[in-house]
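Undergrad: The following block contains the structure, expressed as structure tokens.
The values are calculated or read from the model by the stated rules, or taken from the named source; none is laboratory data. All of these numbers come straight from a predicted model, not from anything done at the bench. We place every Cβ from the backbone using ideal geometry, glycine too, and count neighbours over all the protein chains shown. Protein only, heavy atoms only, side chains kept; ligands, DNA and RNA dropped before computing areas. Shrake-Rupley method; radii C 1.70, N 1.55, O 1.52, S 1.80 Å.
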Amino acid sequence: MKCKKKSKLELAQEKAQAAINKTNESIEELGNHTSSLYDSLTSIQDLFDQIRNVPTDKKLQYEELKKIRLNWKQQAEKIEKDYQAAAVKNAGAGAAGAGLGVAVVTMGPTVAMGVATTFGVASTGTAISALSGAAATNAALAWLGGGALAVGGGGMAAGEAFLALAGPVGWAIAGVSLVVSGLFFWKSSSDKKRLESIFTAISERDIKSYELAIVELKERISRIVDENAKLSDAITKIATFGLDYKKMTEAQQYELGAYVNLMNASTQLLINPIMGLAPKFSTEDFEGFVAWKDKKTDDNICKENKDFIISLANLLYKIELDDRDKKLLWKSLRKNKKMLKSMDISKKEFDMDLMNGILDALRYRYTKTN
């Protein structure tokens, strides 16, 4: 029996999934290194805590670093806990739930640490990337459940993690598999080909994003390895300085100050996000768009459809559409009941004014990069 030749879209989606898998592997590797970095920072902090008579400014500085580090650890633990809870909750949710359950086998503290570093965590407890709080956790969960989402199920409970599509998970994982199912509704061959080319462009764009993110992840790992080696040397040296700052030599005191700077640089490697995995259209972009003086979209449309606009703006970021493409895509998305249900929006609510609003939001986003 002759195998059916794969379409350009199917090939692009396969390549996107391969890039996603490779990115996930890099995140797991990052987690192993950040776990080791966290341990080194804890060890050097313990040594600092034992030293008496440290000047207030230095003490305040490393106490603040301690707070940031502990917050990052809590974020990592929350991601792991929430992810496992989601896997249990979805254990009976068909293929997607089963996929998520399988994924959880490989999910542990180091993977969660890699994800926490990928998203970045500020001392306030919010993600530095555009998503924060529960949304950041949802994005992390959807990211880690990427394999399950790509199978074409809804991933987690319908709609639960859809804000994640505005984040690093990207439409290459979940969105395209949902929207592509809308192609089956088209009888016209030319219309179907036109839609396939749009979805292919989306996958190809995301492949580039993941490939760049992998480079960034590898660079981060390399930097962490270097910083970890410096921290190990510092730990050995500090142990010989004694426990009273006032009795240390001037050179030792100066060196101790340098080690505080080293702790600062190392802590940043824990919390700074991987920019290549940041949303293409963020919540901050949305807020800027709402306040934009050149906005053509009605305020009520923006207010009532914030999450949907953010998600679709991420889907269509840097994708060129003429008027025919716009109408075809709009019709395709409106016919796709599974996608509408996942995004908690009705066919009636998703009218042409809302579609134009999404493209208007992107017009604002492009003005920021020009």
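Undergrad: If you check residue 228 against the conditions, is it open to solvent by 60 Å² or more (accessible area, probe 1.4 Å), assigned to a helix (DSSP H, G or I) and either under 21 Å from residue 66 (Cα atoms) or among the hydroxyl-bearing types (Ser, Thr, Tyr) (or both)?
TA: Judged against the criteria, residue 228 is not a match.
Undergrad: Same structure again: Among (1) within 24 Å of the chain's Cα centre (by Cα); (2) of a type in the set (A, V, I, L, M); (3) open to solvent by 40 Å² or more (accessible area, probe 1.4 Å), which single condition is residue 319 missing?
TA: Unmet for residue 319, out of (1) within 24 Å of the chain's Cα centre (by Cα); (2) of a type in the set (A, V, I, L, M); (3) open to solvent by 40 Å² or more (accessible area, probe 1.4 Å): (3).
Undergrad: Answer yes or no: is there a residue in the range 311-333 that is among the hydroxyl-bearing types (Ser, Thr, Tyr), within 28 Å of residue 23 (Cβ to Cβ) and touching a Lys or Arg at 6+ places or on another chain (Cβ under 7 Å).
TA: Within the range 311-333 (the criterion being among the hydroxyl-bearing types (Ser, Thr, Tyr), within 28 Å of residue 23 (Cβ to Cβ) and touching a Lys or Arg at 6+ places or on another chain (Cβ under 7 Å)), the answer is yes, since at least one residue qualifies.
Undergrad: Are any residues in the range 328-344 within 12 Å of residue 359 (Cβ to Cβ) and open to solvent by 20 Å² or more (accessible area, probe 1.4 Å), and if so, which ones?
TA: Going residue by residue through the range 328-344, those that are within 12 Å of residue 359 (Cβ to Cβ) are 329-330.
If the condition is that a residue be within 12 Å of residue 359 (Cβ to Cβ) and open to solvent by 20 Å² or more (accessible area, probe 1.4 Å), then 330 is the only one that fits.
Undergrad: Is at least one residue of the range 34-50 modelled with pLDDT under 90 and open to solvent by 30 Å² or more (accessible area, probe 1.4 Å)?
TA: no
Undergrad: May I ask you to list pairs of residues, at least six apart or on different chains, whose Cβ atoms are under 9 Å apart, with the first in the range 218-237 being of a type in the set (Asp, Glu) and the second being assigned to a helix (DSSP H, G or I)?
TA: As it stands, the answer is 227/37; 227/40; 227/262; 227/265; 227/266; 227/269, since those pairs meet every condition given.
Undergrad: Here is a follow-up. Say whether the condition of being of a type outside the set (A, V, I, L, M), touching a strand residue (DSSP E or B) at 6+ places or on another chain (Cβ under 7 Å) and not in a helix (DSSP H, G or I) is met by at least one residue in the range 236-259.
TA: Checked against the condition, which is being of a type outside the set (A, V, I, L, M), touching a strand residue (DSSP E or B) at 6+ places or on another chain (Cβ under 7 Å) and not in a helix (DSSP H, G or I), the range 236-259 yields at least one hit.
Undergrad: Would you mention how many residues in the range 169-208 are modelled with pLDDT of 55 or more, crowded, with 23+ Cβ neighbours inside 10 Å and either assigned to a loop (DSSP other than H, G, I, E, B) or of a type outside the set (A, V, I, L, M, F, W, C) (or both)?
TA: 2
Undergrad: Among the residues of the range 344-359, is there at least one that is farther than 17 Å from residue 196 by Cα, of a type in the set (Val, Ile, Thr) and either in contact with a Gly (Cβ under 6 Å, 6 or more places away or on another chain) or assigned to a helix (DSSP H, G or I) (or both)?
TA: For the range 344-359, residues farther than 17 Å from residue 196 by Cα, of a type in the set (Val, Ile, Thr) and either in contact with a Gly (Cβ under 6 Å, 6 or more places away or on another chain) or assigned to a helix (DSSP H, G or I) (or both): present.
Undergrad: Could you tell me which residue of the range 276-303 is nearest to residue 364 (Cα to Cα), considering only residues that are in contact (Cβ under 8 Å) with a residue 24 or more places away in the chain, in a helix (DSSP H, G or I) and acidic (Asp, Glu)?
TA: To start, the set of residues in the range 276-303 that are in contact (Cβ under 8 Å) with a residue 24 or more places away in the chain comprises 276-286, 288-289, 292, 294-298, 301-302.
Those still in the list that are in a helix (DSSP H, G or I) too: 276-277, 283-286, 288-289, 301-302.
Narrowing the set further to residues that are acidic (Asp, Glu) leaves 284-285.
Details: 284: 12, 285: 8 Å.
Top of the filtered list is 285.
Undergrad: Here is a list: 291, 313. Which entry is open to solvent by 80 Å² or more (accessible area, probe 1.4 Å), of a type outside the set (D, E, K, R) and out of contact with any strand residue (DSSP E or B) (no Cβ under 7 Å at 6 or more places or on another chain)?
TA: 291
Undergrad: While we're looking at this one, here's another question. Looking only at the range 247-270, which residues are open to solvent by less than 10 Å² (accessible area, probe 1.4 Å) and touching a helix residue (DSSP H, G or I) at 6+ places or on another chain (Cβ under 6 Å)?
TA: 260, 263, 266, 267, 269, 270
Undergrad: Output the residues belonging to the range 242-265 that are among the aliphatic types (A, V, I, L, M) and either out of contact with any Asp or Glu (no Cβ under 7 Å at 6 or more places or on another chain) or touching a residue at least 40 places away in the same chain (Cβ under 8 Å) (or both).
TA: Within the range 242-265, 243, 248, 251, 256, 258, 260, 262, 263 meet the criteria.
Undergrad: Let me ask you something else. For a quick check of your reading of the model, give me the residue pairs whose first member lies in the range 37-59 and is over 14 Å from residue 259 (Cα atoms), whose second is open to solvent by 40 Å² or more (accessible area, probe 1.4 Å), with beta-carbon atoms closer than 7 Å and at least 6 apart or on different chains.
TA: Every condition considered, the pairs that remain are 38/73; 50/243; 52/243; 53/246.
Undergrad: Scan the range 107-123 residue by residue and report those that are among the small types (Gly, Ala, Ser), modelled with pLDDT under 75 and either surrounded by fewer than 22 Cβ atoms within 10 Å (Cβ to Cβ) or assigned to a helix (DSSP H, G or I) (or both).
TA: Those that are among the small types (Gly, Ala, Ser), modelled with pLDDT under 75 and either surrounded by fewer than 22 Cβ atoms within 10 Å (Cβ to Cβ) or assigned to a helix (DSSP H, G or I) (or both): 108, 122, 123.
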